[in-house]
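Chemist: The following block contains the structure, expressed as structure tokens.
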Amino acid sequence: MILLVDFIFARRDICNFIEVKIRFTLQAPICSFDAKNAVLCPKWESKLESGAITSADVDAAIKLAQLGKKNKKIDKFSLASCKVIGGNYLLYLKDDDIMVIRQSRTLYRLIQNQFPGKVWLVETKATDKRFIEDLFFPTRVLSINEVWANHGNQKIKAVIAGKWTPKFPINLEKAIEIVKNLRKQELVVEFEKARQ
């Protein structure tokens, strides 16, 4: 015989329970219960108002959670945060999650279609070098060096394999803007073979 017991939980208790017990679902800046139901409990509303999380974090978590209901691969992702720079969305994910997305164009398109701007995938705890390599994927970055310019200004120089063509897959201006805004560094991009 199964004994059914009614439990009455406050909404915040349910959020805390889900955060602790569910480890195989989407990890996001907000709890998975709030992300999947597209609402914020008072705990996460206060974090949003205090600036601990951003509205971009909340929107990205909700969008990925909605996709995770239909796609089990997305449901296992770990989203650390989301930044919006000039209409571009940078999703900070674990390295394993980025590899899963990069191996499937349909998965990337599925995620891209949820956001109004271009989606860039960046490793959560990436070094400056790894951050730039993530931005320029699928092209190969041959070297990344710090150079000193006139008046003591420091710049980062990235040398990209091949040569520039009009069909180059990365918008260089956007990549430079993202590095400048998020890493507070000036990026100079050169190609292995000079532009023709």
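The values are calculated or read from the model by the stated rules, or taken from the named source; none is laboratory data. Quick caveat: nothing in here was measured; it's all calculated off a predicted structure. So basically every Cβ, Gly included, is an ideal-geometry build from the backbone, and we count neighbours across all protein chains shown.
Chemist: Which one is farthest from K83 (Cα to Cα), of the residues in segment 153-189 that are hydrophobic (A, V, I, L, M, F, W, C) and assigned to a helix (DSSP H, G or I)?
Modeler: If we take residues in segment 153-189 being hydrophobic (A, V, I, L, M, F, W, C) and assigned to a helix (DSSP H, G or I), then L172 is farthest from K83 (Cα to Cα).
Chemist: In segment 55-67, how many are surrounded by fewer than 21 Cβ atoms within 10 Å (Cβ to Cβ) and touching a residue at least 24 places away in the same chain (Cβ under 8 Å)? Explain how you work it out, then say what you get.
Modeler: Start the filter on segment 55-67 by keeping residues that are surrounded by fewer than 21 Cβ atoms within 10 Å (Cβ to Cβ), which leaves 55-56, 59, 62, 66-67.
When the remaining residues are screened for being touching a residue at least 24 places away in the same chain (Cβ under 8 Å), the result is 56, 62, 66-67.
Total satisfying the criteria: 4.
Chemist: Can you name the residue in segment 68-108 that is surrounded by 18 or more Cβ atoms within 10 Å (Cβ to Cβ), in a helix (DSSP H, G or I) and out of contact with any Asp or Glu (no Cβ under 8 Å at 6 or more places or on another chain) and, of all such residues, is modelled with the lowest pLDDT?
Modeler: Taking the candidates together, the pick is I74.
Chemist: For segment 138-148, give me the residue count where each residue is over 13 Å from K193 (Cβ atoms) and either part of a strand (DSSP E or B) or without any contact (Cβ under 8 Å) to a residue 12 or more places away in the chain (or both).
Modeler: 7
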